[in-house]
1. I need the peptides A:57-67, A:31-41 ranked by packing, meaning the mean over residues of other C-beta atoms within 10 angstrom, with the highest value on top.
2. Mind checking the mean number of beta-carbon atoms from other chains within 10 Å of the Cβ atoms in A:77-88?
3. Just tell me how shielded A:55-67 is by partners: mean number of partner chain Cβ atoms within 10 Å of each residue's Cβ, no decimals.
4. Once both labels are modelled 7 Å past Cα along the beta-carbon direction, what's the B:S254-B:T147 spacing in nm?
5. Give the longest segment of chain B that steers clear of trypsin sites (Lys or Arg not before Pro) in DSSP loops with at most 16 neighbouring Cβ atoms within 10 Å, not counting the sites themselves.
6. Using just the C-alpha positions of chain B as equal point scatterers, what log10 of I(q)/I(0) does the Debye formula give at each q in 0.13 1/Å?
7. Modelling each spin label as a point 7 Å along the Cα-to-Cβ direction, I'd like the B:V43/A:A170 distance in nm, to one decimal.
8. Pulled fully out, how much extra length does the chain show between A:E16 and A:T72, if you take 0.36 nm times their separation in residues and subtract their Cα-Cα distance?
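Bear in mind that the values in this text are calculations on the coordinates, not laboratory data. Keep in mind that this is a model prediction, so the values were computed, not measured. We place every Cβ from the backbone using ideal geometry, glycine too, and count neighbours over all the protein chains shown.
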Amino acid sequence: MAFALMGLNCCQLGKEFKTRQGQVIALEEVTFSVGEREFVCIVGPSGCGKTTLLKLIAKLLQPTSGTIAFDTNPVDGQPRSAMVFQEQGIFPWMTVLENVAFGLEMQGVGRQERHHQAHAFIEKVGLADFAHSYPHELSGGMRQRVAITRAFLADPQILLMDEPFGALDAQTRLVLQEELLRIWREHQKMILFVTHDIQEAVLLSDRVLVMTGRPGRILEEIPIPLGRPRNLTARDHPDVSEIKWHIWKMLEDQVRRDLKIAT
Amino acid sequence: MAHLEDAGRPGAQRSEDSDLGGKLRRVLPNLEQQLPVAIIVAVLALWEWRARSGSISTLFFPAPSTIIQTFARLLASGELAIQLGATLSRLLLGFALGSAPGLIFGLTMGWSRRLRAVIDPFVAALHPIPKISLLPLIIIIFGIGETSKIVAVAVGSFFPMVINCMAGVLQISLTYFDVAKNYGAGPLQVFKRVILPGSLPLVLTGARISLNIALLITISVELVAAQKGLGAVIWLAWQTLRTEELYASLIVISALGIGFNLFLQRLKLRLVPWHEDLQND
């Protein structure tokens, strides 16, 4: 099934880094695909190369081996990807409006037009009151909403999310997860979402890729049998706890090994 | 203390606005601001009294009233304006000639690791030299005229600018570069939208330090080798023992220094409205 979908195909991806301690293999033979309008989560312990994988797809890093291919070419001016970072993703020297419009600005959209579009989007997600605020005036959760809004407005082929809610408190996280699902329902596109939160992965995605680290490899691909549209009440579904337990069993060994806790 | 705080409230203020105490309290609402002013007034009063009674030498410490009279006389005759103009033109020209290349070098050194590796050793080696000690060498090269003075100021202004601009770029989180690149920014856009605004707080700090050093070197150079300028006035006043002129020049130089710093503080508030530290600045 891996190559049957119209979307993104990563084939035999490998990435090595040179460090002072010598060669480090961050990723090894990573093969997977993301289908059109599919929401895929990658879950794994910290240091398993999740961020490296996203940066390869975002072209911020070059793979040592393997290929990354999109089945379709981008429409005029459309970027391949837009990445949402865990922290420090939005520019502190730009207002919320300028930040949200940044993707369009880089695509060469004129000032008036991009501000018009950004304003419309900001209004839709309820940030209108803060259009002219600077990031330091916003809470961490609000900043991530700005980063996500910017990514959606840039209208890329794929959205890459690197633990966007990782630094937020548990309640904020729940609300933003629902908001992400709501925005995505209206603007369906490929999402590759990296997290270490198993529940987050299961509740958001159509498919979970479980990764282990050093070198980073994909252990298993788990389809999530929950329907769409979906909200967070899905967590009470009996399948969810079973899947969560299954994923945890896969990751537990490595987490214990990293912490030097005997099994 | 309690009545002072009351005076800070609009309601309490209105009734006292008419008398002097009320006005004073409105300008300086709390004790922390009133005390320094009180101390200055007390010291000046003591100074005036001791100078008039002859218990301190007016050769070293002319009475504040004499200094103010001298100041007023120099101001009225246009003498002060001429000297101030000479100092300011050297200072600003030297500052511009030094800080502009400092800005360009600093930003590009922060941006390019290779350029930094090549140039940083030279900056690190030359920066600790007290720049005023280079004056004789500069005079040998550029002659005794105006050029050597301006070059000395420029050399002094260059280094704080280079170092702060470089640091300004280096402290920008790498994530911002990743974000810009991910959205397709080219080198020019990265420069315009990330490097320039991201380094601006430290660039302005560099400008402030450069300007202060430019003032220091301008006055020093004038003390040693000039016919005109506030430094030359001080030197002449010392040689002719006209101490009150010396003090009058010092007042102008202090005002200049304070003025520069206030100006750059305001500029920072305007240009960097996004900076978190500004609230305490």
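1. So the peptides A:57-67, A:31-41, ranked by packing, come out A:31-41, A:57-67.
2. That works out to 3 on average.
3. Shielding by partners across A:55-67 averages 1.
4. Label-label distance for B:S254 and B:T147, simple model: 3.8 nm.
5. Within chain B, the longest run free of exposed trypsin sites (Lys or Arg not before Pro) spans B:1-227.
6. -1.04
7. 5.9 nm
8. 17.3 nm
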